[in-house]
1. How tilted is helix A:20-47 with respect to the longest principal axis of chain A? Cα atoms for both, answer in degrees (0 to 90, nearest 10).
2. Counting Lys and Arg as +1 and Asp and Glu as -1, what is the net charge of the other residues whose Cβ lies under 15 Å from the Cβ of A:Ile92?
3. Please name whichever of B:Ile50, B:Ile400, B:Thr293 sits farthest to the positive end of the charge dipole of the protein assembly as shown, dipole taken about the Cα centre and charges placed at Cβ: Lys and Arg +1, Asp and Glu -1.
4. What is the Cα convex hull volume of the stretch B:142-242 when expressed per residue in Å³?
5. Under 10 Å, Cα contacts only: if you run a Gaussian network model on chain B, which one of B:Trp178, B:Trp150, B:Trp358 comes out with the highest mean-square fluctuation?
6. If the elastic network links every pair of Cα atoms under 10 Å, which of A:Asn144, A:Asn43, A:Asn124 fluctuates the most in the Gaussian network model of chain A?
7. Rounded to the nearest 20 Debye, what is the dipole magnitude of the stretch B:93-209 about its Cα centre when Lys and Arg each give +1 and Asp and Glu each give -1 at the C-beta?
8. Quick check on the stretch B:42-100: what does the Kirkwood estimate of hydrodynamic radius come out to from the alpha carbon pairs, in Å?
Amino acid sequence: MAVNLKRTSAEDSEGGRTSRRRMLGWLTGAGLAGSAGLSAVSNFVFIKPRATYGQPQRFSVGKPEDFPSGTRAILAPRGICIVREGSKLAAISITCTHLGCTVGAADTGFACPCHGSRFDQDGNVTGGPAPRPLPWFQVTLAPNGEIEVDKDIEIAPGSYLTI
Amino acid sequence: MSLSTPPKASFLASLKAFPSTIWKSIFRNPLPSNDLERSATSFTNFFLHIHPVKVHKNSLRPLYTFGLGLISFFLFVILIVTGILLMFYYVPATSQAYDRMLDLRGSVAFGTLLRNMHRWGAHGMVAIVFLHLCRVFLTGSYKKPREFNWVVGVILFLLTLFMSFTGYLLPWDQLAFWAITVGTAIAGYAPVVGKDIQFLLMGGTSVGQEALLRFYVLHVAVLPAVLTLMIAIHFWRIRKDGGLSRPEDADPVISLEAMPTVKASVLEPKKTYGLQGLVRGPLTKVGEIPDNTVFSWPNLFLAELFTFVVTLSAILVVSLLFNAPLEEPVNALHPPNPAKAPWYFLGLQEMVSYSAFWGGIGVPTIFVLLLLGAPYLDRGPGGVGKWFSRDRLLANTIFITFVVANIIFVIIGTFFRGANWAFVTPW
């Protein structure tokens, strides 16, 4: 029953040198493993979309007159809240920094319905698991007189656009 | 030219034998009536050939396994069948998915029943797979030589959860949308690759059409294929690892000392002895050792059939009594308050409400690594095959602590959390 399937070492190495057979075996193995790795990587490249179909990150929200002083207007489809105090205007994100739920307006600022994070009027965390305050986005006045918000650019909380 | 020509059968006789000829061409063996034919069932039937010819009596003890592994598998089969049927009417498009859910309710024959069976079957599978995992742990069945099959089992448990998670989005209702928004955001907290995983899962920066299509493909093609492969490996290894675990004393020990033999000093050196000259008493022990195995036909097969009928009946009864929930269609602007995940993820959600990283990534990863590593860390041979063995007090205590902690978190998340995830009392 005892069948020795091992090749003798003489076949594998000739005088300490690697034999041609073993060398070819190594090359075949490395080639197959490399190809498998490459195809795995290209699968990831394939499923990572190059173009996304979401909303533009930069958009206009209307004229300054649409937001009279004291306004706290939640623009839910855009994911922002426009705040105006006198001549100062800002856009605060309403996407919870915890896990991405949409926060709602509360008496003291914002509150998240998913995991109970709470924020004050300026988006600072006052309770719950949120790790960061709500970001403020850059607001500019476009040449045609409309307010333009760029969600790609975060600015320091408390920096307003003066109109 | 054949030497003997068979007697020519009359046409009528052939006609009369026609049905049985076909029957016998499909089933080569008659229903077994003796042990030889009983053992042939496992060899000659495609659907039975996965089974051993004989099975240990311990494996058939209902109170040892509770049939949990089998129930998991049968639930998987029910989910495959109902899932394929539901696919005939489902469209993975944000504009249509919810309407198709309403169609299933209103205009598809048995649509409600099939959706109920699929939903409750999925809940049942998560629960039963987890209980199966508990059974295997608490009986010490992950120990040598079953270490790797335990690892396969843990992977199957994770795949089951991922199946459930991907299926959750498909109805495209409020519950689905916000559970997946939160779930993918948790993935985003994973170190280094988190944001990339989140982006790959959603196919964009938010849950939308791309995410729905991706979850659909994962749910109906990728994950079932992987799950089927892993189940095949799991079953194959049960056989190769020697069947289900059992206590050491379940098998008789053949002691060599007990065999009466002849002392070497009385033997004559020049003489050739046959085996019978060296061993006194009956030559062979066959028939003397108590045999603790029974034929799979009918013992194991009847037990399996019984388990299947009970499983299917339970799912049918639950599906006839309770309708699967369907909330309002997705409103990406207003999360329901409170927004809750399915019950088996509520422990996770409760932990996430303390810390997104530790609750969603840290603690679950530690738990899974401990589970995967259990057979390689806990290598003591004692306590295999017995529920709550004294030998395994430490391992079982640690395991039960984790399980009870998770159950407490699930209960808090289910009953004690109200609007804005504030603590409320249910009474």
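1. 20
2. Values: positive: A:Arg72, A:Arg78, A:Arg84, A:Lys88, A:Arg118, A:Arg132, A:Lys151; negative: A:Glu85, A:Asp120, A:Asp122, A:Asp150, A:Glu154.
Result for the neighbourhood of A:Ile92: +2.
3. B:Thr293
4. Numbers: hull volume 10.7 nm³, N = 101.
It comes to 106 Å³ per residue, whole-number rounded.
5. Ranking B:Trp178, B:Trp150, B:Trp358 by mean-square fluctuation puts B:Trp358 first.
6. Greatest mean-square fluctuation among the candidates belongs to A:Asn43.
7. Numbers: 9 positive and 5 negative charges, 95 e Å.
With Lys and Arg at +1 and Asp and Glu at -1, about 460 debye.
8. Working: mean 1/r = 0.0662 Å⁻¹.
About 15.1 Å for the stretch B:42-100.
No value in this document is a laboratory result; all are computed from the given coordinates. Every value quoted in this text rests on a predicted model; they were computed, and no experiment measured them. Don't worry about glycine lacking a Cβ; one is built from the backbone with ideal geometry, like all the others, and counts go over all protein chains shown.
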